[in-house]
Amino acid sequence: MSILDKCREYTRADEVKALGIYPYFTPIQETTATEARIDGEWRIMVGSNNYLGLTHHPRVLEATHCAALRYGVGSTGSRFLNGTLDLHYELEARLASFFHKEAALVFTTGYQASLGAIAPLVGRGDHVFLDRLDHASLVDGARLGLGDIHRYAHEDFDGLSRQLARVPRGAGKLVITDGVFSMEGSIADLPRLVAISKEHGASLLVDEAHALGVLGPDGAGTASHFGLDSQVDLILATFSKSLASVGGVVAGRADVVNYLRHHSRALIFTASMPPASVAGALAALDVLIDEPERREQLWVNTRRVAAGLRSIGFDIGRTQTPVIPVLIGDTLRALTVWRALFDNGIFTHPIVPPAVPANACRIRVSMSAEHSSEQVDRVLEAFEKVARDLALVPETAVQMPSMR
Ligand SMILES: Cc1ncc(COP(=O)(O)O)c(C=O)c1O
């Protein structure tokens, strides 16, 4: 048996394509902050993480353009060698102060920030503890480390305490959580996690990917939302969501960041963030700070869509943020609903196993500050139509969006 045989035997994607409900790798031909042209037709984008709608902001566009002209399009090297620009240091300094930390280190993607922040810290004899619903990049970061991995059931804090208590007293311990869980839209109970981590002498890392620009008085994320910035040891974030670019960061104590800078394989053995992406993230951070009204509008849109989906009769779980899961059922049904929404001009994402359990497939809607009121109406109308057409909710539950 060849190691490649499994590839020939893998037919699932082709089967789903044959049914006309394959949702992945869809080529987008053109975009605005809130719409995407696909197959020649404009669809409302509620499947991106463009929370503040900054991908097309004039200041961000201009900064990326100028950086490309000044530094070229690529860094053509590792941060360690020729790939560090003054802009990388500027972004690190800005983010350290934004997260109220001593220092920060910037990686080429958010995924790499997870690998690069976790793996070097979790050596042989150390222990890392992850919520079952933590993002895959955090799990992969832990797997790349040489320590022992413990997963606790989602928000099972008693289970986490028991696991921590079983670890030898002197061992290094790192608790890792998403700030906002990316498939649920729920906010982690950081006060509990801080207390438990302290009780057991563990350090705490929070991934603010879906909370940056969304939560906290200044948009700095979950730790700031709870006023716990100083109690969280390490903050991770990505630039691919509210900051409209690509890249990632870890922020924390200066000695920790210095250690990571010199031990992180995900930083050293890859090319650095391209100049335009760094400049774009910097400009987006400026806009995030200068235009707090964007965050307010994001919440207005979020509340409208969440209330609208509930009044149609959908179960949207325990979401508390612009990430809104619409629970559908099994994979086939979720893909069918995704396709129906797509045909009605709405771009969403179906979330199916292994990201979620087989009977908890969902359509994930992510709101943006840039969605207009009219676009919000159209999204809700499409969901309502699809709910009726596919009998997704009890007949009596379906109400006209105008009644909301
Ligand atoms: C919670 C979380 N962490 C990390 C990442 C990785 O970030 P990036 O896509 O910027 O590499 C993501 C992206 O989906 C995420 O949702």
For this session: List the longest stretch of the chain that has no exposed loop site; here a site is one of the chymotrypsin sites (Phe, Trp or Tyr not before Pro) assigned by DSSP to anything other than H, G, I, E or B, with at most 11 other Cβ within 10 Å.
Result: 26-268
Seminar exercise, completed: In whole angstrom, the spacing between the Cα centers of segment 323-373 and segment 289-319 equals 16 Å
Problem set entry | Within the chain, helix-based [θ] at 222 nm, where runs of 4 or more DSSP H residues each add -39,500 (n - 2.57), nearest 500 | -12000 deg cm²/dmol
For this session: Could you tell me whether segment 336-389 comes out rounded, prolate or oblate from its Cα gyration tensor? Rule is a ≥ b ≥ c as square roots of the eigenvalues, rounded for a/c under 1.5, then prolate if a/b exceeds b/c, otherwise oblate.
Result: oblate
Problem set entry | Cα gyration tensor shape for segment 1-135, rounded if a/c is under 1.5, else prolate or oblate | oblate
Seminar exercise, completed: Between residue 207 and residues 5 or more places away or on another chain, the pairs with built amide H atoms under 5 Å apart involve 177, 178, 179, 236
Exercise. Can you list the lysines whose alpha carbon is less than 28 Å from that of residue 101, not counting same-chain residues fewer than 8 positions off?
Worked result: 173, 198, 241
Seminar exercise, completed: Percent antiparallel among DSSP beta bridges confined to the chain, rounded to 5, stands at 60 percent
Problem set entry | Restricting segment 166-216 to trypsin sites (Lys or Arg not before Pro) in coil, as DSSP defines it, with at most 13 other Cβ within 10 Å | 169
Seminar exercise, completed: If one builds a Gaussian network model of the chain from Cα atoms under 10 Å apart, the most fluctuating residue listed among 147, 72, 216 is 72
For this session: May I ask you to list the aspartates and glutamates whose Cα is less than 18 Å away from that of residue 385, ignoring any residue fewer than eight positions away on the same chain?
Result: 315, 343, 374, 377, 395
Seminar exercise, completed: For segment 22-27, Karplus-derived ³J(HN,Hα) couplings (6.51, -1.76, 1.60; θ = phi - 60°; whole Hz; x for glycine and proline) come out as 7, x, 9, 6, 6, x
Exercise. So what are the ³J(HN,Hα) numbers for segment 239-252, from phi and the Karplus equation (6.51, -1.76, 1.60; θ = phi - 60°), rounded to whole Hz, Gly and Pro as x?
Worked result: 9, 8, 10, 4, 8, 6, 10, 8, x, x, 8, 10, 10, x
Problem set entry | GNM top mover of 346, 28, 235 - the chain, alpha-carbon springs below 10 Å | 28
Exercise. Looking at 21, 63, 42, which one has the Cα that reaches farthest to the positive end of the dipole of segment 19-113 (charges on Cβ: Lys, Arg +1; Asp, Glu -1)?
Worked result: 63
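Ranking 240, 161, 272 by Cβ neighbours within 10 Å, fewest first, what do you get?
By the 10 Å Cβ count, ascending, the order reads 161, 240, 272.
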Seminar exercise, completed: In the chain, whole DSSP H helices that both stretch 15 Å or further along their axis by alpha carbon positions and average at least 0.5 on the Kyte-Doolittle scale are 275-290, 331-343
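Assuming 1.567 mPa s and 4 °C, estimate D for the chain with Stokes-Einstein, Rh taken as the Kirkwood radius over Cα pairs, in µm²/s.
58 µm²/s
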Exercise. ³J(HN,Hα) across segment 39-54 via Karplus (A = 6.51, B = -1.76, C = 1.60, θ = phi - 60°), whole Hz, x for Gly/Pro?
Worked result: 6, x, 10, 7, 10, 6, 8, 10, x, 10, 10, 7, 3, 9, x, 8
Seminar exercise, completed: Amide H contacts under 5 Å for residue 129, restricted to residues at least 5 apart in sequence or on another chain and with H modeled in the peptide plane, are 150, 174, 175, 176
Exercise. Based on the alpha-carbon gyration tensor of segment 159-316 and its eigenvalue square roots a ≥ b ≥ c, which shape applies: rounded if a/c is under 1.5, prolate if not and a/b is larger than b/c, or oblate?
Worked result: oblate
For this session: For the chain, give the magnitude of the charge dipole about the Cα centre (Cβ charges: +1 Lys/Arg, -1 Asp/Glu; no others), in debye to the nearest 20.
Result: 740 debye
Problem set entry | Long-range HN-HN contacts of residue 247 with modeled amide H, under 5 Å | 110, 239, 240
Exercise. What length, rounded to one decimal in nm, is gained on full extension from residue 265 through to residue 171, with 0.36 nm per residue of separation minus their alpha-carbon distance?
Worked result: 31.5 nm
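Bear in mind that the values in this text are calculations on the coordinates, not laboratory data. Because the structure is predicted, anything quoted here is derived from the model rather than measured. Positions of Cβ are backbone-derived with ideal geometry, glycine not excepted, and every protein chain shown enters the neighbour counts.
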